[in-house]
1. With the condition kept exactly as written, say whether any residue in the range 64-71 is assigned to a loop (DSSP other than H, G, I, E, B) and open to solvent by less than 70 Å² (accessible area, probe 1.4 Å).
2. Among Arg25, Arg49, which is basic (Lys, Arg) and without any contact (Cβ under 8 Å) to a residue 24 or more places away in the chain?
3. Hey, can you tell me all the residues within the range 72-92 that are open to solvent by 80 Å² or more (accessible area, probe 1.4 Å), within 16 Å of Leu30 (Cα to Cα) and in contact (Cβ under 8 Å) with a residue 12 or more places away in the chain?
4. Out of the residues in the range 72-95 that are assigned to a strand (DSSP E or B) and among the small types (Gly, Ala, Ser), which is modelled with the lowest pLDDT?
5. What's the number of the only condition in (1) under 16 Å from the mean Cα position of the chain (by Cα); (2) free of Cβ contacts under 8 Å to residues at least 40 places away in the same chain; (3) open to solvent by 80 Å² or more (accessible area, probe 1.4 Å) that Lys59 fails to meet?
6. Out of Arg1, Arg32, I need the residue that is touching a helix residue (DSSP H, G or I) at 6+ places or on another chain (Cβ under 7 Å) and under 14 Å from Trp82 (Cα atoms). Which one?
7. Taking the condition at positive phi, out of contact with any strand residue (DSSP E or B) (no Cβ under 9 Å at 6 or more places or on another chain) and open to solvent by less than 80 Å² (accessible area, probe 1.4 Å), does Gly11 pass?
8. Find the residue count for the range 14-34, including only residues that are under 12 Å from the mean Cα position of the chain (by Cα) and either more than 19 Å from Lys59 (Cα to Cα) or part of a loop (DSSP other than H, G, I, E, B) (or both).
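The values are calculated or read from the model by the stated rules, or taken from the named source; none is laboratory data. Quantities reported herein were computed from a predicted structural model and do not represent experimental measurements. Cβ atoms come from the backbone with ideal geometry, glycine included; neighbour counts cover every protein chain shown. The area values use the complete protein model at the heavy-atom level, side chains included, leaving out ligands, DNA and RNA. Shrake-Rupley method; radii C 1.70, N 1.55, O 1.52, S 1.80 Å.
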Amino acid sequence: RPRHLTARAAGRTAVLAWTLPEAARDLPLLVRQQPAGTAAVQSATANSRSFTVPGLKPKVRYCFKVGAVVRLRQGKAPDVAWSPAVCVHKPRTTP
């Protein structure tokens, strides 16, 4: 599972960063967002260590998890090793 996940608000985006243990390198990565917004789960590039989530609303608290897909199962949801969640509170944006 990805480790040391951090999230930083940047305008209407959140910038996520994490580390990957050796066993998680080259596995497909997923980013989960709560509240879901336009996409509850998005794909990140395998072996990546950062991801930018666009389209966040001002004054909304968002929480994120990053997961490594450890096993695909035919016709079922994949097995994913999720990081602990981290949250950001979006500050009010000024015009």
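1. There is no residue in the range 64-71 that is assigned to a loop (DSSP other than H, G, I, E, B) and open to solvent by less than 70 Å² (accessible area, probe 1.4 Å).
2. Going through Arg25, Arg49 in turn, the sole match is Arg25.
3. Selection gives Pro84 alone.
4. Of everything passing the filter in the range 72-95, Ala77 is modelled with the lowest pLDDT.
5. (1) is the only condition that Lys59 fails.
6. Arg1
7. Yes; evaluated as a whole, the condition is true for this residue.
8. Counting residues in the range 14-34 that are under 12 Å from the mean Cα position of the chain (by Cα) and either more than 19 Å from Lys59 (Cα to Cα) or part of a loop (DSSP other than H, G, I, E, B) (or both) gives 6.
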